[in-house]
Amino acid sequence: MTPEIRCYEELRAVLGEGPVWDEARGRLTFVDAAEKVLFTLDPVSGASKRTELAQYPGSYAYRRSGGMVIAYRTEIALSDDGIAAARAIPTPGLDFTEQRFNDGACDRAGRFFVGTMHRKLKDPVGNLFRLDPDLTLTHLVSGLVCSNGIAFSPDDRVMYHTDTGVGRIFAYDYDIDTGAISNRRVFADFTGGKGRPDGCTIDAEGCVWTAAITGGEIVRLDPSGRRVGGIELPVARPTSVMFGGDDLKTLFVTSMQVGLTPEELAAQPQAGCLFSVRVDVPGLPEPRFAG
C-alpha cells in the first residue's frame, strides 16, 4: 500500500534544508538555505510563518536553555531562534574561500556536530567538527566533498555521517561520554544507484532514513546498511528528513528547486516544497544543544 504524501505548497523553498522538530512547542522548522529564511509550521493548526535570517543558513539545533545554535555558511553563532545573533563562536584556521558550513545535528549529550562542503561540490576540502557545550570546537574528519546528514543510533554507540559528494554514508563507533569517533567504515554506498544520500535521521528501531537527492525518494536502511524500505516522492530532489508529530510517526521531508532545468521545474511544480508522510515506526526525540 502506497502511503499518502502531503505537500505543504505554501512552504516552498529554493533550497529547503534542516528540518527540525521542536517537541516542546509541537512545531517543525526548516530553512531555505538560498534565501536566508526560517520556516515554521504547526502541523495541527496548519499555521505557518516565514522569518528572515541574518545570514545564509547551513544548519542549526535548538538549545536546552532556549534559542538556537546556528551554523551560517561562514560562522557559528548562538541565536534567539535564528533572528538575532547573541554570540559568535570562534572558528580558528577555517578558510571559507573554498568551503562553507552545511548540515549539522546534536548528540544526546548536547554536543553539536557540523560539517563543511566544497562550494563547487567537487574537491575533498570539507571537514567535520564537534562543538561541545563549553563552546570548544574540535576537528574530527577531513577530506570530505560535501559533509551532510548526521545521526546517532538509539544506543548512542554508532554515529552515521553522510558525504553526499562521494555518495556514501559512513558509520563510526561513538563514545557518548567523550564525543570521540573511531573505526570509520562504509555503512551504505549509493554510487551507481538511484540518487545520492543527503540529510538523514534515525527511527526507534535504529534504521536510518535518508533523502536520496536526484533519486526522488527517501530510503530506509537497517543497522547493517541494507535497504528495507523506501517512499517515492513527486519531486526529484528531496534534501532532508525529520520525524515529528505527537507520536513521532510523521516523517517530514524538505526538497529543493536548485539544479532543475526550466522543463524539470515545469514538470515538478511542487519542487522545493515541504512534504510529510505517516510511517509505522516512530522516530526519536531530537536532541538539543547543551551550551
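The values are calculated or read from the model by the stated rules, or taken from the named source; none is laboratory data. All values derive from a computational prediction rather than experimental measurement. Quick reminder, even Gly has a Cβ in these numbers, built from the backbone with ideal geometry, and neighbours come from all protein chains shown. These accessible areas exclude ligands, DNA and RNA; they are computed on the full protein's heavy atoms, side chains included. Shrake-Rupley method; radii C 1.70, N 1.55, O 1.52, S 1.80 Å.
Quick notes
- Filtered by the rule that a residue be open to solvent by 30 Å² or more (accessible area, probe 1.4 Å), at pLDDT below 95, more than 25 Å from Gly143 (Cβ to Cβ) and not β-branched (Val, Ile, Thr), the stretch 79-111 gives Asp80, Asp81, Ala84, Ala85, Ala86, Arg87, Ala88.
- Candidates are the residues of the stretch 236-257 that are outside any strand (DSSP E or B) and either basic (Lys, Arg) or touching a residue at least 40 places away in the same chain (Cβ under 8 Å) (or both); the one that is most open to solvent (accessible area, probe 1.4 Å) is Asp246.
- Residue count for the stretch 172-202, restricted to those that are touching a Leu at 6+ places or on another chain (Cβ under 7 Å), under 24 Å from Lys249 (Cβ atoms) and not small (Gly, Ala, Ser): 1
- Among residues of the stretch 114-136 that are on the phi < 0 side of the Ramachandran plot and without any contact (Cβ under 8 Å) to a residue 12 or more places away in the chain, none has a Cβ under 6 angstrom from a residue that is β-branched (Val, Ile, Thr) and not in a loop (DSSP other than H, G, I, E, B) at a sequence gap of 6+ or on a separate chain.
- Residues that are within 18 Å of Ala13 (Cβ to Cβ) and open to solvent by less than 10 Å² (accessible area, probe 1.4 Å) number at least 2 in the following strands (runs of 3 or more DSSP E) confined to the stretch 36-78: 37-41, 57-62, 68-72.
- Exclusive hit being more than 21 Å from Ser65 (Cβ to Cβ) and touching a helix residue (DSSP H, G or I) at 6+ places or on another chain (Cβ under 7 Å), set Leu121, Leu94, Leu128: Leu121
- Residues of the stretch 181-196 that are at pLDDT 95 or above and over 21 Å from the mean Cα position of the chain (by Cα): Ser182, Asn183.
- Those residues of the stretch 154-173 which are open to solvent by less than 20 Å² (accessible area, probe 1.4 Å) and either of a type outside the set (Ser, Thr, Tyr) or outside any strand (DSSP E or B) (or both), in sequence order: Met159, His161, Asp163, Thr164, Gly167, Ile169, Phe170, Ala171
- From the list Leu137, Leu121, the lone residue that is surrounded by fewer than 16 Cβ atoms within 10 Å (Cβ to Cβ), under 25 Å from Asp95 (Cα atoms) and not charged (D, E, K, R) is Leu121.
- Yes/no for Arg184 being farther than 13 Å from Phe113 by Cβ and not in a loop (DSSP other than H, G, I, E, B): yes
- Tally, over the stretch 167-176, of residues that are touching a residue at least 24 places away in the same chain (Cβ under 8 Å) and more than 17 Å from the chain's Cα centre (by Cα): 2
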